[in-house]
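Here is the structure we will look at.
The values are calculated or read from the model by the stated rules, or taken from the named source; none is laboratory data. If you're wondering where the values come from, they're calculated on a predicted model, not measured in any experiment. Backbone-built Cβ (ideal geometry, glycine too); neighbour counts: all protein chains shown. Surface areas here come from the heavy atoms of the whole protein model, side chains and all, with no ligands, DNA or RNA. Shrake-Rupley method; radii C 1.70, N 1.55, O 1.52, S 1.80 Å.
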Amino acid sequence: MAALIFGALLAVALRAETGRGFNAADWAALRFTLVQATLSALFSVLLAIPVARALARRRFRGRSLLIALLGAPFILPVIVAVLGLIEVFGRGGWVSAALGTLGLPPVQIYGLHGVVLAHVFFNLPLATRLVLQGWQEIPAERFRLAALLGIDGWSMFRVIELPMLLRLVPGAFTVIFAICLTSFAVALTLGGGPRATTIELAIYQAFRFDFDLGRAALLSAVQLGLTVFAGGIALWLARGEGFGSGLDRGLRRFDGKTTTARCIDALFIGVAAVFLLVPLMAIALSGLPGFADMPGQVWTAALTSLWVAALSTVLLLCMALPMTTAIATERGRMVEIAGLLGLAASPLVIGTGLFIAIRPYANPQAFALPVTALVNAITVLPFALRILVPRARDIVARQGRLGLSLGMAGLPFLRHVLLPRLRPQIGFAAGLAAALSMGDLGVITLFADPDVATLPLQIYRLMGSYQMEAAAAASFLLLILSFGVFWLLDRGGHRHAET
Amino acid sequence: MLKLESATIRNGSFTLTADLTVPDSTTIAVIGPSGAGKSTLIEGIAGFLPVTQGRITWDGTDITGHPPGSRPVAMLFQEDNLFPHLTLAQNVGLGLSPNLRLSQGDKTRVTAALERVGLAGMDTRKPGELSGGQRSRAALARVMLQDKPLLLLDEPFAALGPALRMEMLDLLAEIAGETGATLLMISHAPEDARRITTQAILVANGTAHALQPTADLLDDPPPVLRDYLGS
């Protein structure tokens, strides 16, 4: 694992030294990357605070469902969301149409604000869950005491909620900032041009258009520095994982009973729900009509994607399970760090490294699909470990001694105790791996020749040739496939699993 | 015969010293105040805690460095004595083969062991479907099949009601009698100790003392034990 990542980085580093230094376009890319990540994180967190506050103190039908849906963007393919956002906010979209009837000019989605809009779409749910977790961790007694003392509204916010937010918000901000730094697919589809190019996108352009490996390597090195720095801060500041466990726990609240408070909460929950759900509905609505007569390449691409997702899932499990075992039995401090490396190395950087490493020996395009699967697996690895390790630790702590006293050390314990008991977590991690790989539009763009495409890449190509109807239909298919594989694997893990 | 020869057992920053001999086929209670080191003694013998000085021998062989699975020891913990995802037959079968490769003969023995502890026909049940008493019985069935000469118990029935606890203790004594195993049992209840043990080890102030008759120790407890027993 470490050899792979470091090998890729080394390949990049060796190339980078032959580079000529930063030119004006590179500086612009760096500036844009930082600006869009800052704005995206800022808006996501600022919006998340009132939404999380409303969710924390209101009980209503569908609340659990809404909170569960907040987890969905994690496995939602970027290209699908982007297409949905274009359908709503694009030049020919719903918002523009509504403005048109009022005699106003249409809105434009391409550029900085489009990139930020898409990032907020993806990260508002994550931010909301992180902030909501903070609210849920405030002990119920605190609210009871506040009710006794008649603390409500603004003073409630100042006395109880603000201190929690001050502790939590910097972490949430940096996590989202770090995620947006490595944004590629959003910038590829909604950005572009000298004014809206992220470093990740610049790596791709240096590669695809100029085939300037030295420049790609230099940019990769810069990107790596950025992500390691931001990722380090995020890990240090952020607590909790935001996977949403226990977030629908009921907590009795005595404050916020005024009509104004109710209206404000309803407004924020409503706006967030509409903002998150309408683009997806748009995809379903525009995708459904074209579903029957999709071009043949779409189905071929769908098969390719399923294949890549399956391979990626297998690769992920081959890496994650031995690492989990090593960490849980406390043999693996280093292993844990190696797992986190996946967070630091951006997919395009690893992809660039592998491309440079493969090229002297073979045609990298021939390895497009396996490399995509591998890089996808590495990207999911840190998340998979966060899912698997705590449970594995718990199993070893509770049942390790019984196993030892029965002479089950080693393989028998693994086979008869650890793996069977980890099944729900393995299913969840495998589901994430499959869904993320299914929807990934990243490394594949570096390697693919015109004859090969995964489904996301095929959608991107359809968009590029303005076949929007076919693109919408293919997006709908991708949406179904991504959520489908996740559901199947996650479900498979829970079936017949005893606690 | 088990011997602890000037053995120092370390449990974090706490240490317990023991210099004592345990003869075969004896039933022994481990008695002492809370925090005196009863569990440390049992877990040191089982191999879960390191012996930093001295040694532990079994029939003259030094077993100080042996892993828990290869010691002549079967053990019952306070809880979690069964794997919740395995059936009773599998849980009991682990006493015969740690990797669950069971021959037809093994399977017959598993069924017989379950019958012996009063769980006939429950082979395919899982621990979650059983009562606390039934779970204890299943664990005893496995101990029976493990057939180790030394049986260590860390208050395994503490969570059961008084009547059920007595029932389990009697079953335990019967099984130990049948296999000829030496029983080493931590107990907080003097009546438990009197019921099934003849000898006792007093653990107090970081020392495990040599064996003495249970009745003598409980009838005339030293001051450190008297405060604890509250009599």
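Among the listed residues A:Ala409, A:Ala434, identify the single one that is at negative phi, at pLDDT below 90 and aliphatic (A, V, I, L, M). Spell out the reasoning first.
Details: A:Ala434 fails: at pLDDT below 90.
After ruling out the rest, the residue left standing is A:Ala409.
Before we move on, is B:Val143 aliphatic (A, V, I, L, M), more than 23 Å from B:Ile42 (Cα to Cα) and either within 13 Å of another protein chain (Cβ to nearest Cβ) or crowded, with 18+ Cβ neighbours inside 10 Å (or both)? Walk me through it before giving the result.
On the way: aliphatic (A, V, I, L, M): yes; more than 23 Å from B:Ile42 (Cα to Cα): no; either within 13 Å of another protein chain (Cβ to nearest Cβ) or crowded, with 18+ Cβ neighbours inside 10 Å (or both): yes.
Taking the combined requirement at face value, the residue does not satisfy it.
Does any residue of segment A:125-135 turn out to be charged (D, E, K, R), out of contact with any Cys (no Cβ under 8 Å at 6 or more places or on another chain) and at pLDDT 85 or above? Walk me through it before giving the result.
Residues of segment A:125-135 charged (D, E, K, R): A:129.
Pick out the ones that are also out of contact with any Cys (no Cβ under 8 Å at 6 or more places or on another chain) and you get A:129.
Next, from what is left, pick out any that are at pLDDT 85 or above: A:129.
Yes, that holds for at least one residue.
Across segment A:445-496, which residue is farthest from the other protein chains (Cβ to nearest Cβ) among those that are closer than 30 Å to B:Arg125 by Cα and open to solvent by less than 40 Å² (accessible area, probe 1.4 Å)? It would help to see each step written out before you state the result.
So the first thing to find is which residues in segment A:445-496 are closer than 30 Å to B:Arg125 by Cα, and the list is A:487-496.
So of that shortlist, the ones also open to solvent by less than 40 Å² (accessible area, probe 1.4 Å) come out as A:490, A:492-493.
Working: A:Asp490: 18, A:Gly492: 16, A:Gly493: 13 Å.
Checking each candidate, the answer is A:Asp490.
With respect to A:Phe60, is the statement that it is in a loop (DSSP other than H, G, I, E, B), out of contact with any strand residue (DSSP E or B) (no Cβ under 7 Å at 6 or more places or on another chain) and in the same structural domain as A:Ala196 (by TED's automatic domain parsing) true?
yes
Taking the residues in segment B:166-190 that are out of contact with any strand residue (DSSP E or B) (no Cβ under 7 Å at 6 or more places or on another chain) and in a loop (DSSP other than H, G, I, E, B) as candidates, determine which candidate is most open to solvent (accessible area, probe 1.4 Å).
Per the stated criteria, the residue is B:His188.
If you go through segment A:397-425, how many residues are more than 7 Å from chain B (Cβ to nearest Cβ), open to solvent by less than 30 Å² (accessible area, probe 1.4 Å), assigned to a helix (DSSP H, G or I) and among the hydrophobic types (A, V, I, L, M, F, W, C)?
2
So which residues in segment A:447-499 are in a loop (DSSP other than H, G, I, E, B) and over 23 Å from the mean Cα position of the chain (by Cα)?
Filtering segment A:447-499 down to residues in a loop (DSSP other than H, G, I, E, B) leaves A:448-454, A:465-467, A:495-499.
A:Asp449, A:Pro450, A:Asp451, A:Val452, A:Ser465, A:Tyr466, A:Gln467, A:Arg495, A:His496, A:Ala497, A:Glu498, A:Thr499, listed by residue number.
Kindly establish whether A:Phe383 is part of a helix (DSSP H, G or I), under 25 Å from A:Ile75 (Cα atoms) and open to solvent by 10 Å² or more (accessible area, probe 1.4 Å).
Values: part of a helix (DSSP H, G or I): yes; under 25 Å from A:Ile75 (Cα atoms): yes; open to solvent by 10 Å² or more (accessible area, probe 1.4 Å): yes.
Spelling it out, A:Phe383 is indeed part of a helix (DSSP H, G or I), under 25 Å from A:Ile75 (Cα atoms) and open to solvent by 10 Å² or more (accessible area, probe 1.4 Å).
Just checking, which of A:Leu374, A:Leu321, A:Leu311, A:Leu316 is modelled with pLDDT of 85 or more, within 30 Å of B:Leu49 (Cβ to Cβ) and not in a loop (DSSP other than H, G, I, E, B)? Walk me through it before giving the result.
On the way: A:Leu374 fails: within 30 Å of B:Leu49 (Cβ to Cβ); A:Leu311 fails: within 30 Å of B:Leu49 (Cβ to Cβ); A:Leu316 fails: within 30 Å of B:Leu49 (Cβ to Cβ).
It is A:Leu321.
Quick one: which of B:Ala193, B:Ala159, B:Ala163 is out of contact with any strand residue (DSSP E or B) (no Cβ under 6 Å at 6 or more places or on another chain), of a type outside the set (Ser, Thr, Tyr) and assigned to a helix (DSSP H, G or I)? Quick ask: steps written out before the conclusion?
Working: B:Ala193 fails: out of contact with any strand residue (DSSP E or B) (no Cβ under 6 Å at 6 or more places or on another chain); B:Ala159 fails: assigned to a helix (DSSP H, G or I).
Going through B:Ala193, B:Ala159, B:Ala163 in turn, the sole match is B:Ala163.
Check A:Leu132, A:Leu117, A:Leu112, A:Leu181 and return the single one that is open to solvent by less than 10 Å² (accessible area, probe 1.4 Å), assigned by TED's automatic domain parsing to the domain that holds A:Leu226 and under 22 Å from A:Phe32 (Cα atoms). Before you say what the answer is, go through the steps one by one.
Details: A:Leu132 fails: under 22 Å from A:Phe32 (Cα atoms); A:Leu117 fails: open to solvent by less than 10 Å² (accessible area, probe 1.4 Å); A:Leu112 fails: open to solvent by less than 10 Å² (accessible area, probe 1.4 Å).
Exactly one residue qualifies, and that residue is A:Leu181.
Taking the options B:Leu100, B:Leu114, name whichever one is part of a loop (DSSP other than H, G, I, E, B) and more than 30 Å from B:Val51 (Cβ to Cβ). Full working, then the answer.
On the way: B:Leu114 fails: part of a loop (DSSP other than H, G, I, E, B).
After applying the criteria, what remains is B:Leu100.
Would it be correct to say that A:Glu141 is under 28 Å from A:Phe268 (Cβ atoms), among the charged types (D, E, K, R), out of contact with any Leu (no Cβ under 9 Å at 6 or more places or on another chain) and open to solvent by less than 40 Å² (accessible area, probe 1.4 Å)? Before you say what the answer is, go through the steps one by one.
Details: under 28 Å from A:Phe268 (Cβ atoms): yes; among the charged types (D, E, K, R): yes; out of contact with any Leu (no Cβ under 9 Å at 6 or more places or on another chain): yes; open to solvent by less than 40 Å² (accessible area, probe 1.4 Å): no.
When the stated conditions are applied, A:Glu141 does not pass them.
Mind checking whether some residue in segment A:72-90 is assigned by TED's automatic domain parsing to the domain that holds A:Leu132, free of Cβ contacts under 8 Å to residues at least 24 places away in the same chain and not in a helix (DSSP H, G or I)?
yes
Just to confirm my filter: which strands (runs of 3 or more DSSP E) fall fully inside segment B:6-64 and include at least 2 residues that are touching a residue at least 40 places away in the same chain (Cβ under 8 Å) and farther than 29 Å from B:Thr179 by Cα? Lay out the reasoning, then the answer.
Numbers: elements: B:14-22, B:27-31, B:51-58.
Strands (runs of 3 or more DSSP E) meeting the threshold: B:14-22, B:51-58.
Looking only at segment B:72-85, count how many residues are open to solvent by less than 10 Å² (accessible area, probe 1.4 Å) and of a type outside the set (Val, Ile, Thr). Lay out the reasoning, then the answer.
Within segment B:72-85, the subset open to solvent by less than 10 Å² (accessible area, probe 1.4 Å) is B:73-76, B:83.
Now drop any that are not of a type outside the set (Val, Ile, Thr), which leaves B:74-76, B:83.
Residues meeting the conditions: 4.
Is there a residue being buried (at least 16 other Cβ atoms within 10 Å of the Cβ) and free of Cβ contacts under 8 Å to residues at least 60 places away in the same chain anywhere in segment B:192-208?
Yes, segment B:192-208 has at least one match.
Scan segment B:57-71 for residues that are surrounded by fewer than 15 Cβ atoms within 10 Å (Cβ to Cβ) and at the interface with chain A (Cβ under 9 Å from one of its Cβ atoms) and jot them down.
Matches in segment B:57-71: B:Pro67, B:Ser70.
Do you know which residues across segment A:459-492 are touching a residue at least 24 places away in the same chain (Cβ under 8 Å) and of a type in the set (Lys, Arg)?
Residue satisfying the conditions is A:Arg491 alone.
Take the residues in segment B:91-128 that are open to solvent by 60 Å² or more (accessible area, probe 1.4 Å), at pLDDT 90 or above and over 18 Å from B:Asp147 (Cα atoms), then tell me which one is nearest to the other protein chains (Cβ to nearest Cβ).
Looking at residues that are open to solvent by 60 Å² or more (accessible area, probe 1.4 Å), at pLDDT 90 or above and over 18 Å from B:Asp147 (Cα atoms), I get B:Arg125.
State which residue pairs qualify: first residue in the same structural domain as A:Arg386 (by TED's automatic domain parsing) and inside segment A:316-328, second residue basic (Lys, Arg) and modelled with pLDDT under 90 in any location, beta carbons under 8 Å apart, and separation of 6 or more residues or different chains.
Matching pairs, first to second residue: A:Ile327/A:Arg393; A:Ala328/A:Arg393.
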